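The values are calculated or read from the model by the stated rules, or taken from the named source; none is laboratory data. This structure is a prediction, so every number in the text was calculated from the model and none was measured. For neighbour counting, all protein chains shown are included, and Cβ atoms are generated from backbone atoms with ideal geometry for every residue, glycine included. Calculation scope for accessible area: heavy atoms of the full protein, side chains included, ligands and nucleic acids excluded. Shrake-Rupley method; radii C 1.70, N 1.55, O 1.52, S 1.80 Å.
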Amino acid sequence: MSQRLKLEVKALNAIAGEDLVILLSDKLTPAKAADEWLGEGGRSLVARAAATERFKGKALSGLTVLAPDGAGYERLILIGTGPAAERDKLDFALLGGAIAGRLGHGRSADIIAALPEGELAAAEVAEIGLGLRLRTYAFEQYKTKSREAEQAEPKTAILRVPDPSAVKKALKAREAIAAGVELARDLVNEPPNVLHPEEFADRAARLEKLGVEIEILDEKQLKKIGMRALLGVGQGSRRESRVVVMRWNGVKGGAKPVAFVGKGVTFDTGGISIKPAGGMEDMKGDMAGAACVTGLMHALAARKAKVNAVGVIGLVENMPDGNAQRPGDIVTSLSGQTIEIINTDAEGRLVLADVLWYTQERFKPGFMVNLATLTGAILVALAQEHAGLFSNSDELAERLAAAGKATGETVWRMPLGPAYDKMIDSKFADMKNAAGRHGGSITAAQFLQRHVNDTPWAHLDIAGTGMGSLTSEINRSWASGWGVRLLDRLVADHYEG
């Protein structure tokens, strides 16, 4: 990941950047502090430029104009915040992203972080800072051709506020979250010849420097434990499978941990049930769930979250080979339940089955949330607007939905039930790993639920949100790092302290 932003927080005095950013309402009214810096010439310029360009101050819209002579800055960047009556709907992270999209490479900009109605809270300014950083993320380490000289230089954004110390404190936590999102994006964006299971495990181990306890289980240990479902997925690959356990102990006294589990198929050919060639390169992102869990553990540790958290990721590569798993095989999972393999491309649920059972049995968590790019069927149902949410706990589901609404990483609850569960019954084993096209996301979730027992649990199917992501004001990357902000918010709102 290339660093393309230098972010600072300073007082409102002595503005001296090349660009000045001000926030305007739909009535083109600036904050008092911004109005003082605009002066009569700036106010006249804003009115004329807005009329000419039909700029209405719509939320997240922008307009850049040359500054008037003697203004003390070179360009004036206007960012709309919409009507005051809808201010509670304004997403400050997206606002930061909209600002970042207007900043020039290698240029410095002073951002007067105040609304027309008055000053912003420190947390709101910090969210603007988060959006600035996330928007400027770029994954470019494999590009050898030099870009234009100015693109190699970072942007400098200076948040101008009345109380810099309060904003700096709030921003510190947001920077930890941003680093977690960026780590998740990096992992998903990496090519599969680089990020195989062993390499992924090594990168997760780097969290030790933040105080995260790391345990890496190799194939010999996994065989001894009995993770035969997980190992079956990876047996056709020359790359050994791994399970990584990450533990952040932010609370003393033996409080129950919260647990996060991630599917980490570093490349998915489909195995013997091989996928079509078109678009198969995207299957390097089939580990987005594990990437999110790793990024989340980074965020929690970096901001010193007051929670005990466990992150467990199953890392495999699904390849066709003379030793690969076959349709018709029957494997015994860690739970002791037998599974008939119908389709070797329904592999992520096999990985999660063993890792979920292992997590609940070993750590006895207060809840488990797993993330997985599990089914194409969830894209049919929800496109890329929401992740699919399945849960055995109404409370956990409601809290996830609220965290999704607060962060913009939205989820939509899908059904579970006995009729769907019956669809995965097998003639030859306790269950089968695929039940056909109808209700594909639901039957996959039912499969996972058979490996959870009574632990409060939620499954997030992120096939539509974790990779090949839609662009937004805070993401221009193929990998979004989806889920890090959502789950950090879940922990912060309900499980810290």
Among the residues of region 154-195, how many are surrounded by fewer than 21 Cβ atoms within 10 Å (Cβ to Cβ), in contact (Cβ under 8 Å) with a residue 60 or more places away in the chain and in a loop (DSSP other than H, G, I, E, B)?
4
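In this structure, is Trp457 under 13 Å from the mean Cα position of the chain (by Cα) and of a type in the set (Phe, Trp, Tyr)?
On the way: under 13 Å from the mean Cα position of the chain (by Cα): no; of a type in the set (Phe, Trp, Tyr): yes.
Judged against the criteria, Trp457 is not a match.
For region 196-230, name all the residues that are part of a helix (DSSP H, G or I) and of a type in the set (A, V, I, L, M).
Step one: filter region 196-230 for residues part of a helix (DSSP H, G or I), giving 197-210, 219-225, 228-230.
Across region 196-230, the qualifying residues are Ala201, Ala204, Ala205, Leu207, Leu210, Leu222, Ile225, Ala229, Leu230.
Could you tell me which of the residues Gly497, Gly468, Gly481 is open to solvent by less than 60 Å² (accessible area, probe 1.4 Å), modelled with pLDDT under 95 and part of a loop (DSSP other than H, G, I, E, B)? Walk me through how you get there before you give the answer.
Details: Gly497 fails: open to solvent by less than 60 Å² (accessible area, probe 1.4 Å); Gly481 fails: modelled with pLDDT under 95.
The match here is Gly468.
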So which residues in region 34-61 are surrounded by fewer than 19 Cβ atoms within 10 Å (Cβ to Cβ) and either of a type in the set (A, V, I, L, M) or touching a Gly at 6+ places or on another chain (Cβ under 6 Å) (or both), if there are any at all?
Ala47, Ala49, Ala50, Ala51, Lys58, Leu60, Ser61
The conditions are (1) buried (at least 20 other Cβ atoms within 10 Å of the Cβ); (2) within 21 Å of His196 (Cβ to Cβ); (3) touching a Pro at 6+ places or on another chain (Cβ under 6 Å), and Ile274 fails exactly one of them. Which is it?
(1)
Under 8 Å by Cβ, and 6 or more places apart or on different chains, what pairs join a residue from region 35-58 that is of a type in the set (A, V, I, L, M) with one that is open to solvent by 60 Å² or more (accessible area, probe 1.4 Å)?
Ala50/Lys56
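To keep it simple, each residue is scored yes or no on (1) closer than 22 Å to Glu395 by Cβ; (2) charged (D, E, K, R); (3) in contact with a Cys (Cβ under 6 Å, 6 or more places away or on another chain).
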{"residue": "Ala429", "(1), (2), (3)": "no, no, no"}
{"residue": "Lys432", "(1), (2), (3)": "no, yes, no"}
{"residue": "Arg437", "(1), (2), (3)": "no, yes, no"}
{"residue": "Ala444", "(1), (2), (3)": "no, no, no"}
{"residue": "Ala458", "(1), (2), (3)": "yes, no, no"}
{"residue": "Ile462", "(1), (2), (3)": "yes, no, no"}
{"residue": "Leu470", "(1), (2), (3)": "no, no, no"}
{"residue": "Arg485", "(1), (2), (3)": "yes, yes, no"}
Could you check how many residues of region 301-326 are under 15 Å from Ala205 (Cα atoms) and open to solvent by less than 10 Å² (accessible area, probe 1.4 Å)?
7
Quick check on my filter: what residues within region 105-138 are surrounded by 17 or more Cβ atoms within 10 Å (Cβ to Cβ) and assigned to a loop (DSSP other than H, G, I, E, B)?
Arg107, Ala113, Pro116, Leu120, Thr136, Tyr137
Could you look through region 294-329, keep only residues that are over 23 Å from Val265 (Cβ atoms) and basic (Lys, Arg), and pick out the one that is farthest from the chain's Cα centre (by Cα)?
Lys306
Among residues of region 8-37 being closer than 12 Å to Gly118 by Cα and assigned to a strand (DSSP E or B), the residue nearest to the chain's Cα centre (by Cα) is Leu23
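Matching residues to (1) within 17 Å of Ala126 (Cα to Cα); (2) surrounded by fewer than 18 Cβ atoms within 10 Å (Cβ to Cβ); (3) touching a His at 6+ places or on another chain (Cβ under 9 Å):
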| site | (1), (2), (3) |
| --- | --- |
| Val65 | no, no, no |
| Gly70 | no, yes, no |
| Arg75 | no, no, no |
| Leu78 | no, no, no |
| Pro83 | no, yes, no |
| Phe92 | yes, no, no |
Do we have any residue at all in region 286-293 that's of a type outside the set (D, E, K, R), more than 17 Å from the chain's Cα centre (by Cα) and buried (at least 20 other Cβ atoms within 10 Å of the Cβ)?
no
